[in-house]
There are 2 protein chains.
Amino acid sequence: MATLIAPDHTSAVEDAEKLHKACKGWGTDEKAIISVLGHRDAAQRKQIRLAYEDLYQEDLIKRLESELSGDFERAMYRWILDPADRDAVLANVATKKLSPDHHVIVEIACTRSPEELLAIRRAYQARYKRSLEEDVAAHTKGDTRMLLVALVTAFRYDGEEINTRVANSEAKILYEAVENKKFNHEEVIRILTTRSKMQLMATFNRYRDDHGTSITKLLQGDSGDEFLLVLRTAVRCLNDPKKYFEKVLRNSIRRMGTDEDALTRVIVTRAEKDLKDIKELYHKRNSVPLDQAVAKDTSGDYKALLLTLLGKED
Amino acid sequence: MATLIAPDHTSAVEDAEKLHKACKGWGTDEKAIISVLGHRDAAQRKQIRLAYEDLYQEDLIKRLESELSGDFERAMYRWILDPADRDAVLANVATKKLSPDHHVIVEIACTRSPEELLAIRRAYQARYKRSLEEDVAAHTKGDTRMLLVALVTAFRYDGEEINTRVANSEAKILYEAVENKKFNHEEVIRILTTRSKMQLMATFNRYRDDHGTSITKLLQGDSGDEFLLVLRTAVRCLNDPKKYFEKVLRNSIRRMGTDEDALTRVIVTRAEKDLKDIKELYHKRNSVPLDQAVAKDTSGDYKALLLTLLGKED
């Protein structure tokens, strides 16, 4: 379930006019901007961008970039984009960092649906004139590259049909690899990067039934092992994306100095999807409501936008 | 340019009626079937299938399968399918063979456009309830698997923009790998499986400019080396698909015992695309027109269908 509160019937033209007024003249009315864009879904935001361009011959995104600043600007910029385009931007930023954010790439590749991932690859090409896998491959090497490229290029079967025979035999393959600490075994990579999520669920369940413990628990090892980190993130994202996102939020807030990038990313990308469920998991796991924790760690317009996306009534 | 001769305005209902009549009663009128289906493009054939189903509550493909036989049946079955669905079938047959036809997989992955390849992956899932890469990966191993899976999962940038700096540096990487006979170097695989076809063309051209010989010439070695064979096929398909198809046709005819699978595959998959150009290349290279060579090596209805698809006027 989503947290976003967006009315069914809105007028893109009226919204564009409100935003134009909020940006006009000296000073910016951030509250007004949040009260409009913080309550519109992806389709509505797109209509607003088109209406704004039409009315004022100006790109709304560029205008907001020049009006806003800091964490608030970054969050609003991410929020206003189409989801596929936003993920393309997030992935590109992640590959370009000096020490690339592999977990962001894995998160995008493994928590989006197969069709969503294709849309992201299309958006990436439209924006950067290169393919996503091309950039991921060019910035990585060895086993990590093999795994990451296979994850972003996967177009998994998305149906319900599973094969229990395959689940049994592949649970065994995973177990042997884990036992022998051969995490980079080519069969492990094949299984995790090509099987459907339903099939993997069956395999992971079988693993748990046979060995009394979940595979994620066993994927431990040298915390400096880049490949193992990527592998573990992939398994967690494939196995239980909501639980994964809860943990990203927990870490982003718990750390000395909030990790605004991660906090913004999860709230912005999940607000229209399953942030309500993630919020519940967070509350259960941390004994504090997520909005309270976010409110404590953030301030100003940035805080106001995040709380709005978390479902706060105005 | 295509060889298929299909009139602009046809009636799917009339065509379905003609086909029904050709299949009705004792004996089948193969000539009538060829004179209809051998002159309809993919969109028209689809309309005929729908009209037939509508009129006779029967699947035209199943009906034809029960009426026809041998090479003619197989060729007609391949021809009548939607192109993406047909490629899904070809790929599936190739993976299921005891010694898998890697070159068919490579051909499909490397000669179709990025969007076509996506459509094939979609069609594969709809038909087999598994992903294409899943089946390719499950039937292969080692370097060959790595290369094949990366080829079928690629969604290459399809635009015009190229980077000459990248072409220079990657021509150098390829050269070093070839020099050291390290064909399975991970950088070689990265370059061939992620770069756009235009970019690869620039890289191959640079290679030729720097070293006076084409990369395909140098990708020679142990002919029993499965990986090297796949690599060479990929480079040939990416570099010059028409030339590649001409050679497949040449080998399929020249051999003792025609290779009907290959002959059918190339004619059926290229008739609506570029078979005219391939025909010209064939004539130039073999000093015999392709239709003549095909006529000499085939017979009966199978021959009639192939020659029709090759552009023979009735």
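Odds and ends about this structure:
- Orientation-averaged projection of the protein assembly as shown equals 34.1 nm² [convex hull of Cα atoms, one quarter of hull surface area].
- Average other protein chain Cβ within 10 Å of Cβ, residues A:126-135: 6
- Remark: the A:Lys303-A:Leu98 segment gains 70.9 nm on full extension, using 0.36 nm per residue and subtracting the alpha carbon distance.
- At q = 0.14, 0.19 Å⁻¹, base-10 log of I(q)/I(0) for region B:1-148 (Debye sum, equal scatterers on each alpha carbon): -0.76, -1.15
- Averaged over the residues of A:147-154, the number of partner chain Cβ atoms lying within 10 Å of the residue Cβ comes to 4.
- With contacts taken as Cα pairs under 8 Å and at least 6 residues apart, chain A reaches a relative contact order of 22 percent.
- Full extension of the chain segment joining B:Asp209 with B:Arg254 gains 12.8 nm, where the gain is 0.36 nm per residue of separation less the Cα-Cα distance.
- Loss of accessible area when A meets B, both sides summed, Å² nearest 100, probe 1.4 Å: 2700 Å²
- What separates the A:Lys243 label point from its copies, with the point 7 Å along Cα to Cβ, is 5.4 nm, written shortest first.
- Phi angles across region B:77-90 convert, under the Karplus curve 6.51 cos²θ - 1.76 cosθ + 1.60 with θ = phi - 60°, into 3J(HN,Hα) values of 4, 5, 5, 6, 5, 4, x, 5, 5, 4, 5, 4, 5, 4 Hz, Gly and Pro given as x.
- Rg over Rh for region B:242-309 works out to 0.91, using Cα positions for both radii and the Kirkwood form for Rh.
- Dipole size of the protein assembly as shown about its Cα centre, with +1 on Lys/Arg Cβ and -1 on Asp/Glu Cβ: approximately 1240 debye, rounded to the nearest 20.
- Vicinal HN-Hα couplings computed from phi for region A:174-191 (Karplus, 6.51 cos²θ - 1.76 cosθ + 1.60; Hz; Gly/Pro x): 5, 4, 4, 5, 5, 4, 8, 6, 9, 5, 8, 4, 4, 5, 4, 5, 4, 4
- Copies compared at A:Val288 - label distances in nm, ascending, label defined 7 Å from Cα in the Cβ direction: 8.2
- Taking the 1.4 Å solvent-accessible surface of chain A as the whole, the part contributed by carbon and sulfur is 49%.
- Among the GluC sites (Glu not before Pro) in region B:87-187, those placed in a DSSP loop whose Cβ has at most 14 other Cβ atoms within 10 Å are B:Glu160, B:Glu161.
- B:Leu50-A:Ala2 FRET efficiency (beta carbon distance; Förster radius 56 Å; 0.05 resolution): 0.90
- Per the rotation superposing chains A and B, the chain A residue found at the smallest beta carbon distance from the axis is A:Thr153, 2, distance in Å.
- Between 0 and 90°, nearest 10: helix B:142-153 axis offset from chain B longest Cα axis: 60 degrees
- Relative intensity of region B:83-153 on a log10 scale, I(q)/I(0) at q = 0.12 Å⁻¹, equals -0.24, per a Debye sum over C-alpha point scatterers of equal strength in the absence of solvent.
- FRET efficiency estimate (nearest 0.05) - Cβ-Cβ, A:His20 to B:Glu115, R0 41 angstrom: 0.60
- Cβ-vector label at 7 Å, B:Thr10, separations to other copies in nm: 5.0
- Shown here for region B:146-189: trypsin sites (Lys or Arg not before Pro) in loop regions (DSSP other than H, G, I, E, B) with at most 14 other Cβ atoms within 10 Å, namely B:Lys181, B:Lys182.
- The residues of region B:167-208 occluded by other protein chains by 40 Å² or more of accessible area, set against the chain on its own, are B:Glu186, B:Arg190, B:Thr194, B:Arg195; surface from heavy atoms, 1.4 Å probe.
- The GluC sites (Glu not before Pro) of region B:237-314 that DSSP puts in a loop, and whose beta carbon has at most 14 other beta carbons within 10 Å, are B:Glu313.
- Taking the longest Cα principal axis of chain B as reference, the axis of helix B:42-56 is set at about 40 degrees.
- At a probe radius of 1.4 angstrom, the accessible area of the protein assembly as shown per residue rounds to 46 square angstrom.
- Percent of alpha-carbon pairs separated by more than 25 Å within region A:66-193: 36 percent
- Pair B:Lys172, A:Ala295: separation of 7 Å Cα→Cβ label points (nm): 5.9 nm
- Where labels lie 7 Å past Cα in the beta-carbon direction, separation of A:Glu161 and A:Ala126 in nm: 3.2 nm
- Computed from backbone phi, the HN-Hα couplings of region A:282-296 come to 4, 4, 4, 7, 10, 6, 9, x, 4, 4, 4, 5, 5, 4, 5 Hz, rounded to whole numbers (Karplus: 6.51 cos²θ - 1.76 cosθ + 1.60, θ = phi - 60°; Gly and Pro given as x).
- In degrees, nearest ten, helix A:226-239 long axis to first principal axis of chain A (Cα): 80 degrees
- Column: log10 I(q)/I(0), Debye, Cα scatterers of region A:164-239, q = 0.19, 0.22, 0.23 Å⁻¹: -0.71, -0.99, -1.09
- For the protein assembly as shown, the Cys residues with no second cysteine's beta carbon closer than 4.7 Å are A:Cys23, B:Cys23.
- Between A:Val288 and A:Ala43, the C-beta separation translates, for a Förster distance of 35 Å, into a calculated FRET efficiency of about 0.55.
- Between region A:40-70 and region B:285-304, the C-alpha centres lie 62 angstrom from each other.
- Size-normalised alpha-carbon gyration radius of chain B, reference 2.2 N^0.38 Å: 1.07
The values are calculated or read from the model by the stated rules, or taken from the named source; none is laboratory data. Quick caveat, the model's predicted, so the values are computed rather than measured. As a convention, Cβ positions derive from the backbone with ideal geometry for all residues, glycine included, and neighbour counts pool all protein chains shown. Please note that ligands, DNA and RNA were not included when accessible areas were found on the heavy atoms of the full protein model with its side chains. Shrake-Rupley method; radii C 1.70, N 1.55, O 1.52, S 1.80 Å.
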